[in-house]
Amino acid sequence: MRLDESIRVAAPPETVWHYLEDPENYLHFMSGITHWEVVGAKPNGLGARYRILVRVGAAEVGGLVEMVEWHEPFDIAWHSVTGVDHRGRWRIREHGDGQSRIEYRFAFGVVGGGIAGLLTELAAALPVRRQMRRTLRQLKRQVEHEQRRLEAELRRASRAASRA
């Protein structure tokens, strides 16, 4: 099952990227994530690994994921190493006028499930899509807040420089 959602944010791709590259931020915006832990010495970048748990309905599922693409400031992709079989991707594109379009792609499947697996995937698609949309709205709120904070910091620095 492949799902794709997107949202436009009032921040340039670099601001979005700096927010997404920090593993500490994921618990603040990823809907349903109950655990996000760096595994190993590498906190981010190609090859970084994270142990995650996601609440889907009444169940908590998860496993180990690894970053398999890391193209600053536009693409981050991961796949599962253990646990529920899935792949995900963040695509960040400039949308003009200091804005960005964030695309969240997610693919998952029930390996060897036959008809029962297909039915399980279809049943899971709607709740997963809802979590994706909620994640994007929360990411937008966090990134736009960070952008406003950066702009205020620049204004303060500019005023301080003009007084000196």
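The values are calculated or read from the model by the stated rules, or taken from the named source; none is laboratory data. Values in this document were obtained by computation on a predicted structure and should not be read as measured data. Don't worry about glycine lacking a Cβ; one is built from the backbone with ideal geometry, like all the others, and counts go over all protein chains shown. Keep in mind that these areas ignore ligands, DNA and RNA; they rest on the heavy atoms of the full protein, side chains included. Shrake-Rupley method; radii C 1.70, N 1.55, O 1.52, S 1.80 Å.
Give, to the nearest whole percent, the P(r) tail of the stretch 1-118 beyond 26 angstrom, counting all Cα pairs. Beyond 26 Å sits 22 percent of the P(r) for the stretch 1-118. Largest to smallest in accessible area, the residues E146, E14, E103 fall in the order E14, E146, E103 (1.4 Å probe, all protein chains included).
Using just its DSSP H runs of length 4 or more, each adding -39500 (n - 2.57), the chain gives a mean residue ellipticity at 222 nm of -13000 deg cm²/dmol after division by all residues.
Looking at the chain, the accessible area is 56 square angstrom per residue; that uses a 1.4 Å probe and ignores ligands, DNA and RNA. At full extension, Q138 and E94 could sit 13.9 nm farther apart than now, given 0.36 nm per residue minus the alpha carbon distance.
Distance between the modelled labels on E146 and E14, one decimal in nanometres: 1.4 nm (7 Å Cα→Cβ projection). Once the Cα atoms are used to define both axes, helix 114-163 deviates from the longest principal axis of the chain by about 10 degrees. Heavy atoms only, probe 1.4 Å: what % of the accessible area of the chain goes to carbon and sulfur, would you let me know? Result for the chain: 52 percent of the exposed heavy-atom area is carbon or sulfur. What's the local net charge at V68, with K and R +1, D and E -1, over the other residues with C-beta under 10 Å away? With Lys, Arg at +1 and Asp, Glu at -1, the neighbours total 0.
Expressed in Å, the radius of gyration and Dmax of the Cα atoms of the stretch 54-114 are 14.6, 48.
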